[in-house]
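The values are calculated or read from the model by the stated rules, or taken from the named source; none is laboratory data. Keep in mind that this is a model prediction, so the values were computed, not measured. FYI the Cβ positions are ideal-geometry reconstructions off the backbone, even for glycines, and counts take in every protein chain you see. Accessible surface is based on the protein model in full, side chains and every heavy atom, while ligands, DNA and RNA are left aside. Shrake-Rupley method; radii C 1.70, N 1.55, O 1.52, S 1.80 Å.
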Amino acid sequence: MKVNAKRNSVFSKPFPLKRRLFLRCLFAVTLTFASCSDIQGGGAPARPLFESLRPRAEPFREEFALNTVCTVMLFDQARPEVYNAIFNRIREIESRMSAFLPDSDISRVNAAAGKAPVEVHDDVFKVIQRALEIAKLSGGAFDPSVGPLVSLWGITGDTPRVPSREEIDAVLPLVNWRDIELDPARRTVFLRQSGMALDLGAIAKGYAADEAVAIVRQARLRRALIDLGGNVITFGRKRDRTPWRVGLQTPHGSRGEFMGVISGWDMTVVTSGIYERFFEYDGVRHHHLFSPFNGLPARTGLLSATIITEVSMDADALSTAIFVLGYERGRALVDSLEGVEAIFIFEDRSVRKTAGANFALTDSSFRLLTD
Ligand code: ADP
Ligand code: MG
């Protein structure tokens, strides 16, 4: 088996994966900053733009959490206690929602699948509640009970493999958001079938990003940039009052290379792309965004799907949902939601966006199509 060895190389923090597999964990989007006067699009910089555009003088803090690199910039009003509060909160959310930590609420719910309801923390309950709403909205394309499929493919572990059709068919009945039972009065979660497993990998980072911004707000800071492994939130106004500019990662490009720029004020930008985590087997690439309908990595002609909206939890789940749905149905879903915009990048390097997406192409090897 050939395993792709390109991965996030800028950050030297230890990657919690065995050496046999190097998952490529790119930032889906690249932030550009207040003091960056111009954006050089297109090329593959020797040093990723994320790093080279970062104003050295601006304080920021970066830590590995939620299985990804988390960057927080508090700019001129940076105070150590606010950074501490944010990263403590991120770690707290991880400790409750990670399917990898045996003591997390999610692991306890999974262990009790088919047996008994499990009381969970309010954070976890809220996220599962929203996950179920988005599962319903997306007709099950986003499904938080995707756990057995993720385990079968081993995509987030150190031994990914291509399972047989029989193996996939055996776990598919376990992937069904309708079998997740919530009791708001008792704050319990029950997985009706034994063998079911929750995986909040497509929504937890968004929730954590929202919670980080809540702390920034409480601390009465005027501006902040939060980037939890590509779940980006811009908060407040830049000092020069110009809009924030968020670079959209070039699919399969070098890390930090971007093909366009999204501008706006308070917004969250979240991308789901096939280039973030994948492995190769017999020359075929298998990525980490699964179709709950056929149990395979979703193939819809898309390289990535980006959501721009206000709530990062929604953006996170919706970006996964519309990627799995593909352009036609994903676009219809986005068009039905107020305040939600999207950008779709196709395998043939064409790009489509919703009318309200404030997106400018900077790489002429892509083509922006209009409706
Ligand atoms: P990333 O985590 O790379 O930012 P996503 O937010 O799209 O990307 O989440 C992908 C993760 O979500 C996968 O690693 C897997 O754990 C889980 N997942 C995969 N397919 C689905 C799906 N159809 N619905 C819900 N979660 C999914
Ligand atoms: Mg997501």
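The table below gives the values:
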| quantity | calculated |
| --- | --- |
| Per residue accessible area in Å² of the stretch 120-240, where ligands, DNA and RNA are left out and the probe is 1.4 Å | 38 Å² |
| Pairwise label distance in nanometres, SER151 with ASP103, each label 7 Å out on the Cα-Cβ vector | 2.1 nm |
| Ranked by how many other beta carbons lie within 10 Å on average, peptides 242-255, 153-166 from highest | 242-255, 153-166 |
| Gyration tensor (alpha-carbon) shape descriptor, the stretch 66-135, a/c threshold 1.5 | prolate |
| Per residue value of the accessible surface for the stretch 243-292 (all protein chains in place, 1.4 Å probe), Å² | 25 Å² |
| Length released on extending from ALA112 to LYS136, taking residue separation times 0.36 nm less the Cα-Cα span | 6.3 nm |
| DSSP-assigned coil residues among trypsin sites (Lys or Arg not before Pro) in the stretch 57-115, each with at most 13 further Cβ atoms within 10 Å | LYS115 |
| Length added when fully stretched, SER350-ARG192, from 0.36 nm per residue minus Cα-Cα | 52.6 nm |
| Förster radius 35 Å - calculated FRET efficiency between PHE64 and TRP265, Cβ distance, rounded to 0.05 | 0.75 |
| Spacing of the two label points (7 Å from each Cα toward its C-beta) at ALA219 and LEU172, in nm | 4.8 nm |
| With every protein chain in place, the stretch 304-371: carbon and sulfur % of accessible area (1.4 Å) | 47 percent |
| Burial ranking of peptide ranges 289-301, 138-150 (average Cβ count within 10 Å, highest at the top) | 138-150, 289-301 |
